[in-house]
Amino acid sequence: MVEIKTDNELAAMREAGRVVARALQAVSKHAAVGVRLTELDAMAADVIAEAGARPAFLHYHPDFAPTPFPAVICASVNDAIVHGIPDGYRLREGDLLSVDCGAHLDGWAADAAVSVVVGTPRPDDVALIEATERALAAGVAAAVPGNRIGDIGHAIGQVAGGAGYGTPPDFGGHGIGRRMHEDPAVPNRGRPGRGMVLRHGMVLAIEPMFVAGGDGRYRAAPDGWRLHSVSGGRAAHCEHTVAVTDDGPRILTLP
């Protein structure tokens, strides 16, 4: 069942989105050579707590995972696509880091992700992140009343295919509101004009995940959470929480 939010509820979700945006800003700024992933997790936890919010990922336990998630952020490095558990790994020169973060504030959730390169970036990594960001922008632009879920997936998939990147099957965006994951699913591939019709008040987490080399297949790490590309290709992940409104898409996870 898809919950349609009122304008006041969208405003409340916007405040949750600001918290997530500030946490991602702080983590991205602090991601440097020698910094441990656990340090980034602690920094995000502090930003969320100072805002009077609570982490959406900590102790979250979806059906596919063997254990509850033990951290505040997902920190995925290089060939890790999503769901990396922050550990004692120290960032190295040239690492491609994707950070996903969610928070609950006053009963409402928001969710967003960014990808950055530590130190001096490789041109291939810059191109990968830029393509993922373009795909996110294309998906957001398609999130208007009267369009369908397939239009969002098609917009994202067109960018992936045109740039030669893979997208992992089975993982994509989702509805969001009082819970972090709600209906509908928002795939990163789709056929235009297919799927659920978008309406004012729907809120979607749109999140393209691109893998260099065109192969989107993945394998799970022993912890059951982190997903690695089978090919070893590096990955980028970008996400915003977006409200569908009669005035156009409204990104809720901006600072």
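The values are calculated or read from the model by the stated rules, or taken from the named source; none is laboratory data. Please read these numbers as outputs of a predicted model, since none were measured by experiment. Every residue, glycine among them, receives a Cβ derived from its backbone with ideal geometry; neighbour counts consider all protein chains shown. Note: areas computed on protein heavy atoms with side chains; ligands, DNA, RNA excluded. Shrake-Rupley method; radii C 1.70, N 1.55, O 1.52, S 1.80 Å.
Summary of values
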| quantity | calculated |
| --- | --- |
| Filter result for Thr253 (in contact with a Lys or Arg (Cβ under 9 Å, 6 or more places away or on another chain), assigned to a loop (DSSP other than H, G, I, E, B) and open to solvent by less than 20 Å² (accessible area, probe 1.4 Å)) | yes |
| Conditions (1) surrounded by 15 or more Cβ atoms within 10 Å (Cβ to Cβ); (2) closer than 21 Å to Ala112 by Cβ; (3) in contact with an Asp or Glu (Cβ under 8 Å, 6 or more places away or on another chain); number of the one not met by Ala212 | (2) |
| Segment 30-45 - residue that is under 18 Å from the mean Cα position of the chain (by Cα) and assigned to a helix (DSSP H, G or I) and, of those, nearest to Pro86 (Cα to Cα) | Leu37 |
| Met196, sole failed condition from (1) buried (at least 22 other Cβ atoms within 10 Å of the Cβ); (2) touching a Pro at 6+ places or on another chain (Cβ under 6 Å) | (1) |
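A quick yes/no check of all residues on (1) open to solvent by 20 Å² or more (accessible area, probe 1.4 Å); (2) closer than 30 Å to Ala65 by Cα; (3) without any contact (Cβ under 8 Å) to a residue 12 or more places away in the chain:
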site: Pro123; (1), (2), (3): yes, no, yes
site: Pro145; (1), (2), (3): yes, no, no
site: Ile152; (1), (2), (3): no, yes, no
site: Ala163; (1), (2), (3): yes, no, no
site: Phe171; (1), (2), (3): yes, yes, no
